[in-house]
Amino acid sequence: MQALEKLTVTTAPTDTMKAVVHHQYGEPEGLMVSEVGKPVPGDDDVLIRVVAAGVSIGDHHIITGKPYLVRLSPFGGFPRPKNPVPGAAMSGRIEAVGAKVTAFRVGDEVFGQALNGAFAEYLVMPAKLIAHKPKNLSFEEAAAVPWGTTALQGLRDAGRVKPGERVLIYGASGAVGTWAVQLAKSLGAQVTAVCSTRNADLVRSLGADEVIDYTKTDFAEGGARFDVMMDMVGNRALSDCKAVLKQGGRYVPCSGGGGDWIGPFVRIISGLLTFLFGGKFFKLFVQNVNAADLVVMRELVETNTVKPVLDRTWLLSEAGAALRHVGTGHSRGLNVIRILDSSRA
Ligand SMILES: NC(=O)c1ccc[n+]([C@@H]2O[C@H](COP(=O)([O-])OP(=O)(O)OC[C@H]3O[C@@H](n4cnc5c(N)ncnc54)[C@H](OP(=O)(O)O)[C@@H]3O)[C@@H](O)[C@H]2O)c1
């Protein structure tokens with residue numbers, strides 16, 4: 001059986017598939033679904049029939065090529081995108097496995113986060129970067145879980161949140177924030193969540209002990225002090241962020257803070273300088289995509305400790321509209337593109 005599955009891999013290169021393609025940077029409305037070559041897995045890879053793919057502000061940066069720095073990263077390409085098929089987080093079913101892959105079999109339901117290529121019917125990924133899908137989630141929900149690893153690494157590794165500590169989640173209702181509220185609670189923290197009026201009930205339902213509606217109240221006023229602030233927005237003066245921390249407190253910048261050119265670098269340098277003295281810490285982190293943390297998230301989901309929050313589900317042909325929606329910066333949890341019809345998944 002295994003030999004036949006591997007034979008399928010070697011006979012697949014002429015096959016085609018539907019995928020969202022972008023050959024130049026621009027507004028998401030210009031995205032098209034085209035017929036492209038189906039990828040072929042190497043010995044350490046798996047070929048995945050993608051069922052659902054998550055859409056985030058990060059994908060919007062890659063499509064638009066802004067901030068311009070993204071064009072110099074492995075996700076971008078200069079002067080035009082080197083990866084024609086965008087998309088990172090996904091869930092699906094394994095269609096074929098490479099010769100050296102032992103942890104997965106054809107038919108396994110998996111999820112993970114690729115560098116690119118997830119807005120397509122098929123995706124090749126290194127087997128070491130995927131995990132089995134949580135049993136209690138739909139494919140759409142599972143495609144949202146990789147953003148949980150961002151929140152997990154921000155709070156657990158950069159923020160070093162300890163039980164009983166006070167944690168401020170700024171931008172609590174978005175893709176990363178909805179996970180961050182729940183994960184901070186699961187780490188035993190007392191959570192204050194900042195969001196707009198329409199999302200207050202949502203973040204409260206996710207476990208926030210206190211909600212600050214930023215349209216009415218400034219989190220930097222009122223005198224509350226926190227051990228950790230995780231920032232998904234990046235629009236506040238770093239001195240304000242430092243001021244709301246207790247002695248020994250940690251500021252975890254998740255957002256680069258905007259700007260089309262070198263915005264993120266400016267905020268990083270300013271952050272390092274602002275936090276140089278005073279016994280409070282600037283804990284820069286970048287998500288480290290790895291299967292071990294996907295497994296941690298799966299266990300937390302399967303024990304109903306945390307759950308994904310879905311905003312809207314879109315069709316592959318609606319990828320441009322989905323990206324325009326996430327580009328507003330006001331997603332309510334995760335947006336997901338349904339690639340394979342549920343009756344066939
Ligand atoms: N460091 C890393 O490795 C890493 C990984 C993933 C993502 N990121 C970055 O993390 C950031 C958040 O990503 P995301 O996917 O969670 O974004 P998102 O889904 O667009 O969420 C943005 C959040 O910001 C809130 N918000 C917008 N304007 C605000 C304002 N003026 N004041 C306060 N809150 C405001 C929104 O709430 P309302 O709708 O209620 O306004 C929403 O909760 C992005 O900058 C992304 O690039 C970094």
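A short reminder: the numbers here are calculations on the coordinates, not readings from a lab. Remember, predicted model here, so these are calculated numbers, not experimental data. Here the Cβ positions follow ideal geometry from the backbone for every residue, glycine too, while neighbour counts run over all protein chains shown.
Which ordering of 130, 268, 339 is given by a fewest-first count of other beta-carbon atoms within 10 Å?
Listed from fewest to most nearby Cβ atoms, that is 268, 130, 339.
Percent of alpha carbon pairs in segment 147-282 separated by more than 23 Å?
25
For the chain, compute Rh as the Kirkwood radius over C-alpha pairs and then the Stokes-Einstein diffusion coefficient at 25 °C and 0.890 mPa s; write the answer in µm²/s, rounded to an integer.
119
Between residue 303 and residue 204, 0.36 nm times their residue separation minus their Cα-Cα distance comes to what?
Here the segment from residue 303 to residue 204 would lengthen by 33.6 nm.
Within the chain, which whole H helices from DSSP have a Cα span along their axis of at least 15 Å and a mean Kyte-Doolittle hydropathy of -1.0 or more, if any?
Those that pass (Cα extent of 15 Å or more, hydropathy at least -1.0) are 175-186, 263-274, 291-302.
Of all beta bridges DSSP finds with both residues in the chain, what is the antiparallel percent, to the nearest 5?
Of those bridges, close to 55 percent are antiparallel.
Amide H neighbours of residue 108 under 5 Å, counting only residues 5+ apart in sequence or on other chains, H built in-plane at 1.01 Å?
94
What list do you get for 262, 212, 269 if you sort them by fewest beta carbons within 10 Å?
Least to most surrounded, the residues fall as 269, 262, 212.
Under 13 Å Cα-Cα from residue 246, which aspartates and glutamates qualify once same-chain neighbours fewer than 8 residues away are excluded?
Once the sequence-local aspartates and glutamates are set aside, what remains near residue 246 is 165, 227.
Only counting other Cβ atoms within 10 Å, I'd like 61, 22 sorted with the fewest neighbours first.
The most exposed by this proxy come first: 61, 22.
Quickly rank 68-80, 240-252, 287-299, 181-193 as a protection proxy: mean count of other C-beta atoms within 10 Å, highest first.
By packing density, highest mean first, the sequence is 181-193, 240-252, 287-299, 68-80.
Compute the relative contact order of segment 85-179 as a whole-number percentage, counting only Cα pairs closer than 8 Å that sit 6 or more residues apart in sequence.
Over segment 85-179, the number comes to 26 percent.
Based on the mean of other Cβ atoms within 10 Å per residue, sort peptides 152-158, 220-226, 101-107 so the most packed one is first.
152-158, 101-107, 220-226
For segment 235-345, what's the radius of gyration and Dmax over Cα atoms, in angstrom?
Considering segment 235-345 through its Cα atoms, Rg and Dmax are 18.8, 58 Å.
Can you give the calculated 222 nm mean residue ellipticity of the chain, where each DSSP H run of n ≥ 4 adds -39,500 (n - 2.57) and the sum is split over every residue, rounded to the nearest 500 deg cm²/dmol?
It comes out at -6500 deg cm²/dmol, rounded to the nearest 500.
Starting from the Cα-Cα distance between residue 247 and residue 100, subtract it from 0.36 nm times their residue separation and give me the gain in nm to one decimal.
Difference between extended and current length: 47.9 nm.
May I have the extent of the alpha carbons of segment 100-225 along their three principal axes, as whole Å values ordered from largest to smallest?
58, 30, 26
Determine the dipole magnitude for the chain: charges of +1 sit on the beta-carbon of Lys and Arg, -1 on that of Asp and Glu, nothing else is charged, the reference point is the Cα centre, and the result goes in debye to the nearest 20.
Dipole size: approximately 640 debye.
Sequence neighbours fewer than 8 away in the same chain don't count; with that in mind, list the aspartates and glutamates whose C-alpha is under 14 Å from residue 66.
27, 260
Run the numbers on segment 147-282 and let me know its relative contact order in percent, using alpha-carbon pairs under 8 Å that are six or more apart.
21
Taking Cα pairs under 8 Å and at least six residues apart, what relative contact order does the chain come out at, in percent?
Relative contact order, the chain: 20 percent.
Tell me, how many Å apart are the Cα centres for segment 207-274 and for segment 152-184?
With segment 207-274 and segment 152-184 each reduced to a Cα centre, they are spaced 13 Å.
To the nearest 20 debye, what charge dipole does segment 147-282 have about its Cα centre, counting +1 at the Cβ of each Lys and Arg and -1 at the Cβ of each Asp and Glu?
320
Report the calculated FRET efficiency for residue 29 and residue 190 (r = Cβ-Cβ distance, R0 = 56 Å), to the nearest 0.05.
0.85
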